[in-house]
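Values quoted throughout were computed directly from the atomic coordinates according to the rules given, and no laboratory measurement underlies them. Model, not experiment: these values are computed from the prediction. In this analysis, Cβ positions are derived from the backbone assuming ideal geometry, glycine residues included, and neighbour counts consider all displayed protein chains.
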Amino acid sequence: MKEAVLFEHTGDGKVRCTACARYCKLGEGQTGLCGVRQNIGGRLQLLVYGRVITGHIDPIEKKPLVHYMPGTRIFSIATTGCNWLCRYCQNYDISQRRKVEGELLAPEEIVSLAQKNRCEGIAYTYNEPTIYLEFAHDVGVIARKKGIFNSFVSNGYGTPEDIPVLNDFLDAITVDFKGNAEKGFVRKYIGIPDADPIFSYLLELRDRSSVHIEFTDLVVPEVGDNADSARRLSRWIVDNFGPEVPLHFLRFHPDYKMMDLPSTPVKTLEKHWQIAREEGLEYVYVGNVPGHKYESTYCPACGKVAVGRYGFDITSWNLDRDNRCTGCGHKIPISGNLGTYFRDGRYEPVIF
Ligand code: SF4
């Protein structure tokens, strides 16, 4: 446990947490909805500081981040808790756990583990990292000094107050929309009033940071697969981030409290892919469908496969050292070249 940075006093003996867009106002002894930030003695405490509930080594493509340091090994960690209540969460065992627990690890120890396991990056993932931002910050600052990059897998429900903290250490973020960010969906299946704070937060990130951004959208069949909403979301992304930002449409699998729905039909994902391309996005992907042709990167100028993928594996690399298409010379907006994951073959799972 450690005192949080992201909070303010409200003048009536309470504190307001400013880490996420819920802005919980907490009286003495109260804990925020995420379960990890508590008012103790008029100060907000981060209960999960130094408490890591899980750690794995993943390829960066699993996050998914496919235009940033492709083929690298990522040390992926999480704490308990979350600021969202997704009824389909695949990690509900840790995200919806409200008992603070996990391996006690200081920031230095986490970075050492990443180094020991030859990881080029650290990902704060599996639950929402914004809720433990101060802890991620302390890990990330040390990591960056050692030449290790930092990435968030986030729902984007952050605040303007987060940005200066992120700027100290964060290199890349993948922001996960759900159900095309449609209001009815997020209200019913996530437990937030609407997605407006995500859009505001993204504009803050765009204007006040240099973090690499990719987007995902979990397409949930029957209840979160509306074509008009997908078009609106794609249009917003093009208008505000340009045609070169990657967008991944992810397949839903039944889990947690939503076991009654089927997996998203591949045709529905392809329809979303088509819509996003029509709206002008040049790098659109289909995720969670291993072997699908839209896992690969295609050169928008000549149509050739620029980076071939199967699941999280890179199967072909048709870019020169400057990441230009070897077919036509078009510059593909990918930061970095191939990392150790690709060179070494399979990644090694689980550290503790
Ligand atoms: S991070 Fe937690 S305590 Fe803070 S506003 Fe969000 S849900 Fe509330």
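Classify region 292-341 as rounded, prolate or oblate, taking a ≥ b ≥ c as the square roots of the eigenvalues of its Cα gyration tensor: rounded when a/c is under 1.5, otherwise prolate if a/b is larger than b/c and oblate if not.
Cα axes put region 292-341 in the oblate bin.
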(message) Can you show me the helix-derived [θ] at 222 nm for the chain, built from DSSP H runs with n ≥ 4 at -39,500 (n - 2.57) apiece and divided by the number of residues, rounded to the nearest 500.
(response) -7000 deg cm²/dmol
(message) Suppose we keep just the alpha-carbon trace of the chain; what are its Rg and Dmax in angstrom?
(response) 19.8, 65
(message) Amide H of residue 4 versus every other amide H placed in the peptide plane: which residues, excluding those fewer than 5 positions away on the same chain, fall under 5 Å?
(response) 44, 45, 46
(message) Can you tell me, using C-alpha contacts under 8 Å and at least 6 residues apart, the relative contact order of the chain as a whole percent?
(response) 15
(request) Averaging sequence separations of C-alpha pairs under 8 Å and six or more residues apart, then dividing by the length of region 45-150, give the relative contact order as a whole percent. (result) 32
(request) Could you compute the FRET efficiency for residue 304 and residue 28, with r as their C-beta to C-beta distance and R0 at 51 Å, rounded to 0.05? (result) 0.25
(request) Please identify every one of the trypsin sites (Lys or Arg not before Pro) in region 145-212 that sits in a loop by DSSP and has no more than 11 other beta carbons within 10 Å of its own beta carbon. (result) 146
(message) Give me a comma-separated list of calculated 3J(HN,Hα) values for region 183-197, in order, Karplus coefficients 6.51, -1.76, 1.60 applied at θ = phi - 60°, integers in Hz, x for any Gly or Pro.
(response) 4, x, 5, 5, 5, 7, 9, 10, x, 10, x, 6, 8, 3, x
(request) Would you mind calculating the gained length between residue 261 and residue 209 on full extension (0.36 nm times residue separation, minus the Cα-Cα distance), in nm to one decimal? (result) 14.9 nm
(message) For residue 176, what residues show an amide H to amide H distance below 5 Å, using hydrogens built from the backbone and excluding near sequence neighbours?
(response) 154, 155, 156, 216
(request) Starting from the Cα gyration tensor of region 2-46, take the square roots of the eigenvalues, sort them a ≥ b ≥ c, and report rounded, prolate or oblate (rounded when a/c is under 1.5, otherwise prolate if a/b is larger than b/c, else oblate). (result) rounded
(message) Just to check I understand the Karplus step: with θ = phi - 60° and J = 6.51 cos²θ - 1.76 cosθ + 1.60, what whole-Hz values come out for region 300-308, glycine and proline as x?
(response) x, 8, 10, x, 6, 5, 8, 9, x
(message) Could you check the spin-label model distance between residue 232 and residue 328? Points 7 Å from the Cα along Cα→Cβ, value in nm.
(response) 3.4
(message) How tilted is helix 266-278 with respect to the longest principal axis of the chain? Cα atoms for both, answer in degrees (0 to 90, nearest 10).
(response) 80
(message) Compute a Gaussian network model of the chain, connecting alpha carbons closer than 10 Å, and tell me which residue from 223, 111, 52 fluctuates the most.
(response) 223
(request) Within region 193-290, list the GluC sites (Glu not before Pro) lying in a DSSP loop whose Cβ has at most 13 other Cβ atoms in a 10 Å radius. (result) 222
(message) Would region 111-161 count as rounded, prolate or oblate if I go by the C-alpha gyration tensor, calling it rounded below 1.5 in a/c and otherwise prolate when a/b exceeds b/c, oblate otherwise?
(response) prolate
(message) Could you check the spin-label model distance between residue 274 and residue 313? Points 7 Å from the Cα along Cα→Cβ, value in nm.
(response) 3.1
(request) First measure r as the distance between the Cβ atoms of residue 85 and residue 14, then evaluate 1/(1 + (r/R0)^6) with R0 = 22 Å and state the FRET efficiency to the nearest 0.05. (result) 0.45
(message) Rounding to the nearest 10 and keeping the result within 0 to 90°, find how far the Cα-based axis of helix 107-116 lies from the longest principal axis of the chain.
(response) 30
(request) Between the alpha-carbon centers of region 46-120 and region 175-240, tell me the distance in whole angstrom. (result) 23
(request) Rounded to the nearest 10 degrees, what's the angle between the helix 133-145 long axis and the longest principal axis of the chain, both from Cα atoms, 0 to 90? (result) 60
(message) With only alpha-carbon pairs counted, each pair once and no self-pairs, how large is the Kirkwood hydrodynamic radius of region 1-149 in angstroms?
(response) 15.9
(message) Quick one: 3J(HN,Hα) in Hz for region 310-327, Karplus 6.51/-1.76/1.60 with θ = phi - 60°, rounded, Gly and Pro as x.
(response) 9, x, 9, 8, 8, 9, 8, 9, 10, 10, 7, 5, 9, 6, 9, 4, 6, x
